[in-house]
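Okay, structure first, notes after.
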Amino acid sequence: MDAKKFGTFIATLRKENNMTQVELAQKLQVTDKAVSKWERGLGFPDINTIEPLADALGVSVLEIMRSERIAETEITQDTASAALTDTFEFVKFQRKAERKSIFKIAGGVAACLFLIFLIDGMGWLGFAMVYFPVICLLSGIALLIYGVWRKKNKLPCLQTFVLAAVMLLIPVGVVVFLFLAGALGLAPVPN
């Protein structure tokens, strides 16, 4: 299933039905941002939303899955086979997205536990002055590499580069803070 073709088809049907994205979203009980995401080809609706989407736009589920109008009243075996293939691809896409979400959540929980153990072992001040800047530096470098990869693959990358810059500035800020604190005599200076 082609996300761009799907999005263009949904947008065309919505406009033919004189509906705004907000109105369609309300009928489907989703956000207008979700409808916008579909129409821009950045994702697909949940599999449970396909039938209500077809009803709201006045087309069949098969037409939604094929992202095109079907003129014939009888469905050929090839058309049905193609629709089933698209449906299976759609379900695979959603499962892959769900797995990504699960991995993100698991990674976030693991990172939080890691930070808790670091803070517990060093105390807040040691963590803030040693580990936090190092973690930010490594995260900034990883985000910078990821941003370059996204740019190379012609994907949106501005937010990635901004976040990378922020993460790289944090260790610089800590070093400047420690330098100024030492220069002004506000912190103990090592011999």
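The values are calculated or read from the model by the stated rules, or taken from the named source; none is laboratory data. Everything numeric here is computed off the predicted structure, so don't read it as measured data. Positions of Cβ are backbone-derived with ideal geometry, glycine not excepted, and every protein chain shown enters the neighbour counts. Ligands, DNA and RNA are excluded from the accessible area calculation, which covers all protein heavy atoms including side chains. Shrake-Rupley method; radii C 1.70, N 1.55, O 1.52, S 1.80 Å.
Within region 5-48, take every residue that is in a helix (DSSP H, G or I) and polar (S, T, N, Q) and give me the one that is surrounded by the most Cβ atoms within 10 Å (Cβ to Cβ).
Of the residues in region 5-48, the ones in a helix (DSSP H, G or I) are 5-16, 21-28, 32-39, 47-48.
With polar (S, T, N, Q) added as a condition, the list becomes 8, 12, 21, 26, 36, 48.
Details: Thr8: 15, Thr12: 14, Gln21: 18, Gln26: 15, Ser36: 15, Asn48: 7.
Checked region 5-48; the qualifying residue surrounded by the most Cβ atoms within 10 Å (Cβ to Cβ) is Gln21.
Examine region 108-116 for a residue that is modelled with pLDDT of 85 or more and open to solvent by less than 80 Å² (accessible area, probe 1.4 Å), and state whether such a residue exists. So that I can check it myself, show each step before the final result.
Within region 108-116, the subset modelled with pLDDT of 85 or more is none.
No: region 108-116 contains no residue that is modelled with pLDDT of 85 or more and open to solvent by less than 80 Å² (accessible area, probe 1.4 Å).
Quick check, is Ile141 open to solvent by less than 90 Å² (accessible area, probe 1.4 Å), within 27 Å of Leu42 (Cα to Cα), in a helix (DSSP H, G or I) and touching a helix residue (DSSP H, G or I) at 6+ places or on another chain (Cβ under 8 Å)?
Answer is yes for this residue.
Hey, Leu163 hits all of (1) open to solvent by less than 80 Å² (accessible area, probe 1.4 Å); (2) modelled with pLDDT of 85 or more; (3) under 17 Å from Ala111 (Cβ atoms) but one; which does it fall short on?
(1)
Here is a yes/no grid of residues against (1) in contact with a helix residue (DSSP H, G or I) (Cβ under 7 Å, 6 or more places away or on another chain); (2) of a type outside the set (Val, Ile, Thr):
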| position | (1), (2) |
| --- | --- |
| Gly43 | yes, yes |
| Asn48 | no, yes |
| Ala54 | yes, yes |
| Gly58 | no, yes |
| Val61 | yes, no |
| Ile64 | yes, no |
| Asp78 | no, yes |
| Phe88 | no, yes |
| Val91 | yes, no |
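Return the pair list, or none, for Cβ contacts closer than 9 Å from residues in region 81-104 that are within 17 Å of Thr49 (Cβ to Cβ) to residues that are of a type in the set (Asp, Glu) and at pLDDT 80 or above, at least 6 apart or on different chains.
What qualifies is Gln94/Asp46.
What number of residues within region 92-101 are open to solvent by 100 Å² or more (accessible area, probe 1.4 Å) and more than 13 Å from the chain's Cα centre (by Cα)? Reasoning before the result, please.
Initially, region 92-101 is screened for residues open to solvent by 100 Å² or more (accessible area, probe 1.4 Å), giving 92, 95-96, 98-100.
Now narrow it down to the ones that are more than 13 Å from the chain's Cα centre (by Cα): 92, 95.
Number satisfying all stated conditions: 2.
From the list Val134, Val174, pick out the single residue that is touching a residue at least 12 places away in the same chain (Cβ under 8 Å) and open to solvent by less than 50 Å² (accessible area, probe 1.4 Å).
Numbers: Val134 fails: open to solvent by less than 50 Å² (accessible area, probe 1.4 Å).
Just one listed residue meets the conditions, Val174.
Only one of Ala80, Ala71, Ala56 is among the aliphatic types (A, V, I, L, M), open to solvent by 90 Å² or more (accessible area, probe 1.4 Å), over 30 Å from Ile170 (Cβ atoms) and over 25 Å from the mean Cα position of the chain (by Cα); which? If you could, list the steps in order and put the result at the bottom.
Details: Ala80 fails: open to solvent by 90 Å² or more (accessible area, probe 1.4 Å); Ala56 fails: open to solvent by 90 Å² or more (accessible area, probe 1.4 Å).
Being among the aliphatic types (A, V, I, L, M), open to solvent by 90 Å² or more (accessible area, probe 1.4 Å), over 30 Å from Ile170 (Cβ atoms) and over 25 Å from the mean Cα position of the chain (by Cα) holds for just one of Ala80, Ala71, Ala56, which is Ala71.
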